[in-house]
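Report on one structure; see the data block that follows.
The values are calculated or read from the model by the stated rules, or taken from the named source; none is laboratory data. Since we're looking at a predicted model, the values are computed, not measured. Here the Cβ is made from the backbone with ideal geometry for all residues, glycine too, and neighbour counts use every protein chain on show.
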Protein chains: 2
Amino acid sequence: MSYYKSLNVLVNPQIAEAEKAIKEAVSQRKTLLVIGNCWVHYLGRAKSKLEQGERILIIKEDGSILVHRPVGYEPVNWQPPGCIFNVQTKENVLEIRAVRQKPAESVKVFFDQIQLVSAFSLRDSGEFSLYASEEDMQKAILMEPSLLEEGFNIISYEKKVEPGFVDVYGISKDGRLVVVEIKRKVAGKDAVIQLAKYIDAIKGKANREVRGVLVAPNIAKDVQRLLATLGLEFKALDPRKCAEILKKSEARKLEAFFKEGTSQ
Amino acid sequence: MSYYKSLNVLVNPQIAEAEKAIKEAVSQRKTLLVIGNCWVHYLGRAKSKLEQGERILIIKEDGSILVHRPVGYEPVNWQPPGCIFNVQTKENVLEIRAVRQKPAESVKVFFDQIQLVSAFSLRDSGEFSLYASEEDMQKAILMEPSLLEEGFNIISYEKKVEPGFVDVYGISKDGRLVVVEIKRKVAGKDAVIQLAKYIDAIKGKANREVRGVLVAPNIAKDVQRLLATLGLEFKALDPRKCAEILKKSEARKLEAFFKEGTSQ
């Protein structure tokens, strides 16, 4: 089978045998898995030591490295892409060292027993598509109010008014109050009626003009008519766009976490 | 060898063969690796789809699940510990479904070709010790000013004064200004002199009493004498304690990231 060309599996190899396979995999920029008894030293802006235990080491094609314990979804040690690797054996202990320059950080993984070495060239060009929840759409608007319209300013969100909670409540460029109701799917009549109730409740108190904007990926024609009849507006917003905005922000957050180095 | 008892490796198995091994591994709460061509659907508070590609699936003993692409240090899909798994084959496609109840979330991984299935019982009780950097010690004090002393309040940090930047600058319970200099290792004479310079610079401007506190894991006796001579104080602080404080906070941040589900 052709798979054998791209996949090397060593079960319970000797250290010398494992060293050879690991060096080859790293130099060929393959994705590498090593499972065995290891200990880990991390030195950089912080410092950590992980005592002996059986774990999974993953080195990816891009030079990122992860050490996973048998429990917990977070890696116990890691480095982002771009590491340079050095593999050597001393007194029958295999040392895999991953080094980064900026900031200067190194992770050393020492194996004295290896259960599995597996190196493979993975083909992966599949696209990842993310669709946001209503909550995510709300968050995205809070982060970037211009998603609703230019010059929109947030006053509050989840604002309690008599019939329930207004998703987003703000003020438009020309100073008018704006009540925003968000739907993740095609907006139906229920959403319009809900929005109209909020507007009524707020108009009663605010004694000034209040705009109502229904935000959704799209809207049915008859619902559009009802909206117009009630003097309300529709703003098309793709949940995926919101998801991308949040993803960027979350990625920054995760990146910040990983870059801290403090949890190593 | 006894390893074979705890390790099962299938290379290029048929789907039916893989299904059997995966079911067994999951029911026995082993750590499971599956490498192959897959696509992933996530549905929960958000929704995502990952198109076909070759990836690494990890299911851990605690019921956490991770899908790793050949690049990037973050998992593309994941769920925290406590998932319930369902494994089945339909039309020669193996589906591994991980479900959580609160919040209701499911990750479905579909494999149509499998290169490796590996199940093993990893023994890992090794302790993880984290030692903080000076920056981490500073952050910990900013997060919990009482680490310095009861009633300490932060005014600023990295405050520029003539000779450089003060690590932490605050006010004590009795209203006196406090300049804090942090060292990660045993504090030496240089640190004391540095602190004395900051105090002088601030006294010159503030025209009020200024306390200087050197924070470090410990201090040499002769340095302690110099400190006393200059009217400065020493506060012992274990970098590990700071690291633990940050680790908890970072863990919460990462947990928040993972729990968001928006980056799936």
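Within region A:205-217, residues that are farther than 16 Å from A:LYS159 by Cβ have Cβ atoms under 6 Å from residues that are assigned to a strand (DSSP E or B) in these pairs: A:LEU214/A:GLU181; A:LEU214/A:ALA187; A:LEU214/A:PHE234; A:ALA216/A:ALA187, counting only partners at least 6 apart in sequence or on another chain. Scanning region B:118-155 for residues that are facing chain A (nearest Cβ under 9 Å), touching a residue at least 24 places away in the same chain (Cβ under 8 Å) and closer than 30 Å to B:LYS30 by Cα turns up B:SER118, B:PHE120, B:SER121, B:LEU122, B:SER129, B:LEU130.
Could you tell me whether any residue of region A:208-217 is farther than 19 Å from A:SER172 by Cα and either among the aromatic types (Phe, Trp, Tyr) or assigned to a helix (DSSP H, G or I) (or both)? No, region A:208-217 contains no residue that is farther than 19 Å from A:SER172 by Cα and either among the aromatic types (Phe, Trp, Tyr) or assigned to a helix (DSSP H, G or I) (or both). Residue-level check: of (1) touching a residue at least 24 places away in the same chain (Cβ under 8 Å); (2) surrounded by fewer than 20 Cβ atoms within 10 Å (Cβ to Cβ), B:VAL168 misses just (2).
Only one of the numbered conditions (1) farther than 20 Å from A:VAL34 by Cβ; (2) in contact (Cβ under 8 Å) with a residue 24 or more places away in the chain is violated by B:VAL67, and that is (1).
Filtered by the rule that a residue be more than 16 Å from B:GLU209 (Cβ to Cβ) and modelled with pLDDT of 90 or more, region B:167-186 gives B:ASP167, B:VAL168, B:GLU181, B:ILE182, B:LYS183. Close contacts from region B:14-35, counting a first residue that is over 19 Å from B:LEU122 (Cβ atoms) and a second that is among the hydroxyl-bearing types (Ser, Thr, Tyr), with Cβ to Cβ under 8 Å and a gap of 6+ residues or different chains, come to B:ILE15/B:THR89; B:ALA16/B:THR89; B:GLU19/B:THR89. Taken over region A:75-97, the criterion of being of a type in the set (S, T, N, Q) and either facing another protein chain (nearest Cβ under 7 Å) or surrounded by fewer than 23 Cβ atoms within 10 Å (Cβ to Cβ) (or both) is satisfied by A:ASN86, A:GLN88, A:THR89, A:ASN92.
Of all residues in region B:200-208, none satisfies being surrounded by fewer than 22 Cβ atoms within 10 Å (Cβ to Cβ) and within 28 Å of B:ALA243 (Cβ to Cβ). Looking at B:ALA243, B:ALA191, just one residue is modelled with pLDDT under 95 and more than 20 Å from B:LYS160 (Cβ to Cβ), and that residue is B:ALA243. Please go through region A:34-55 and give me each residue that is surrounded by 18 or more Cβ atoms within 10 Å (Cβ to Cβ), more than 7 Å from every other protein chain (Cβ to nearest Cβ) and not small (Gly, Ala, Ser), ordered by number. Passing the criteria: A:VAL34, A:ASN37, A:CYS38, A:VAL40, A:TYR42. If you go through region B:209-244 and keep only what is surrounded by fewer than 21 Cβ atoms within 10 Å (Cβ to Cβ), farther than 17 Å from B:GLU181 by Cβ and touching a Leu at 6+ places or on another chain (Cβ under 8 Å), you end up with B:GLU209, B:ARG240, B:LYS241, B:GLU244. Scanning region A:120-142 for residues that are farther than 30 Å from A:SER249 by Cβ and out of contact with any Asp or Glu (no Cβ under 7 Å at 6 or more places or on another chain) returns A:PHE120, A:SER121.
Counting residues in region A:7-16 that are within 13 Å of chain B (Cβ to nearest Cβ), crowded, with 16+ Cβ neighbours inside 10 Å, under 24 Å from B:PRO80 (Cβ atoms) and touching a Phe, Trp or Tyr at 6+ places or on another chain (Cβ under 6 Å) gives zero.
Restricting attention to region A:218-239, the residues that are under 26 Å from A:LYS173 (Cα atoms) and either β-branched (Val, Ile, Thr) or within 34 Å of the chain's Cα centre (by Cα) (or both) total 10. When A:PRO103 is tested against (1) at the interface with another protein chain (Cβ under 7 Å from one of its Cβ atoms); (2) not in a strand (DSSP E or B), just one condition goes unmet, and that condition is (1). Scanning region B:147-179 for residues that are under 14 Å from B:GLU233 (Cβ atoms) and touching a helix residue (DSSP H, G or I) at 6+ places or on another chain (Cβ under 7 Å) yields B:LEU148, B:PHE152, B:VAL168, B:GLY170, B:LEU177, B:VAL179.
Among the residues making up region B:56-68, those that are surrounded by 21 or more Cβ atoms within 10 Å (Cβ to Cβ) and closer than 15 Å to A:PRO75 by Cβ are B:ILE56, B:ILE58, B:LYS60, B:SER64, B:ILE65, B:LEU66, B:VAL67, B:HIS68. Look at A:VAL186 and say whether it is hydrophobic (A, V, I, L, M, F, W, C), in contact with a strand residue (DSSP E or B) (Cβ under 7 Å, 6 or more places away or on another chain), more than 14 Å from every other protein chain (Cβ to nearest Cβ) and buried (at least 18 other Cβ atoms within 10 Å of the Cβ). No: the conditions fail for A:VAL186.
Each row is one residue, and each column tells you yes or no for (1) small (Gly, Ala, Ser); (2) at pLDDT 95 or above; (3) more than 24 Å from B:GLY63 (Cα to Cα); (4) under 21 Å from the mean Cα position of the chain (by Cα).
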{"residue": "A:GLY36", "(1), (2), (3), (4)": "yes, yes, no, no"}
{"residue": "A:GLN52", "(1), (2), (3), (4)": "no, yes, no, no"}
{"residue": "A:SER64", "(1), (2), (3), (4)": "yes, yes, yes, yes"}
{"residue": "A:TYR73", "(1), (2), (3), (4)": "no, no, no, yes"}
{"residue": "A:GLN79", "(1), (2), (3), (4)": "no, no, yes, yes"}
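Test A:LYS160 against the criterion of being crowded, with 16+ Cβ neighbours inside 10 Å, out of contact with any Phe, Trp or Tyr (no Cβ under 7 Å at 6 or more places or on another chain) and among the charged types (D, E, K, R), and give yes or no. When the stated conditions are applied, A:LYS160 does not pass them. In region A:17-33, the residue that is surrounded by the fewest Cβ atoms within 10 Å (Cβ to Cβ) out of those that are touching a Leu at 6+ places or on another chain (Cβ under 7 Å) and acidic (Asp, Glu) is A:GLU17. In region B:56-74, the residue that is nearest to B:ASN86 (Cα to Cα) out of those that are facing chain A (nearest Cβ under 7 Å) and in contact with a helix residue (DSSP H, G or I) (Cβ under 7 Å, 6 or more places away or on another chain) is B:GLU74.
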